[in-house]
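A short worksheet on the structure shown next.
Any read-out appearing in this document is the output of simple, stated calculations on the displayed coordinates, not a laboratory observation. Keep in mind it's a predicted model, so treat the numbers as computed, not measured. Because the Cβ atoms are built from the backbone with ideal geometry, glycine has one as well, and the counts that use them run over all protein chains shown.
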Amino acid sequence: MTGTPGANNKRKQISFLIADITAMILFSTGLCMIIEIFVAGLSFFQSVGARIAAIPVNLITGRPYGWFRDTLFLTLGIDRSSPVKLFFGDTLAFVVFQVPLYVLVLLFAGATWKQIAVTSLSASLVFSLTGRPYGIFLDFCRRIAVKLLG
């Protein structure tokens, strides 16, 4: 029966899976290409290579990041009523989860250690500034997915 709580929970889980992966691919593609090309000096084709290499990573890590963020919010007692807590939680989650993955993607794309160091430091700063916007985007994607699938 589709109206049971178990079926509704399963649809919500599938909605979050799709939303988390989609949000991760879209957001990281735009953000990382800007960092790679304009900050680290990667060529356009190196950046495209990094973004192509990142697609499988985003497919694999999109939902675990969403789960990590949700768990971090629960653990730290971050509720939706405090903009300061939301900013802190999204910033912490984004930096801690994304920077190590980003280093691996750049290694795979053939970036030099110097490029990786510059890019990772820059990415840490940018991720600190974009953690909350990503959280807003992720929540938006989740609301859409739940409406469409749930």
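Site pair ALA53 and PHE140 shows an inter-label distance of 2.9 nm when each label is modelled 7 Å from Cα along Cα→Cβ. Taken along the Cα-to-beta-carbon direction at a fixed 7 Å, the label points for LEU17 and LEU74 span 1.8 nm. Annotation: aspartates and glutamates with alpha-carbon distance below 14 angstrom to LYS114 (same-chain offsets under eight excluded): GLU36. Counting only DSSP H runs of at least 4 residues, each contributing -39500 (n - 2.57), and dividing by the residue count of the chain, the helix-based mean residue ellipticity at 222 nm comes to -30500 deg cm²/dmol. By the rule of a C-alpha distance below 19 Å, with chain neighbours fewer than 8 residues away ignored, the lysines paired with LYS12 are LYS147.
Filter the DSSP H helices in the chain by two things, a Kyte-Doolittle mean of at least 1.6 and an axial alpha-carbon span of 24 angstrom or more, and list the hits by number.
Sorted by number, the helices that extend far enough and score high enough are 83-108.
Grab the Cα-Cα distance for LEU149 and PHE44, subtract it from 0.36 nm times how many residues apart they are, and report the gain in nm with one decimal. List each step's numbers first, then the result.
Details: separation 105, 0.36 × 105 = 37.80 nm, distance 3.65 nm.
The LEU149-PHE44 span can extend by a further 34.2 nm.
Length gained on full extension, LEU121 to LEU101, computed as 0.36 nm times the residue gap minus the Cα-Cα distance: 5.9 nm. Take the Cα of LEU129, go 7 Å toward its beta carbon, and the backbone nitrogen atoms of region 30-70 under 19 Å from that spot belong to 30-42.
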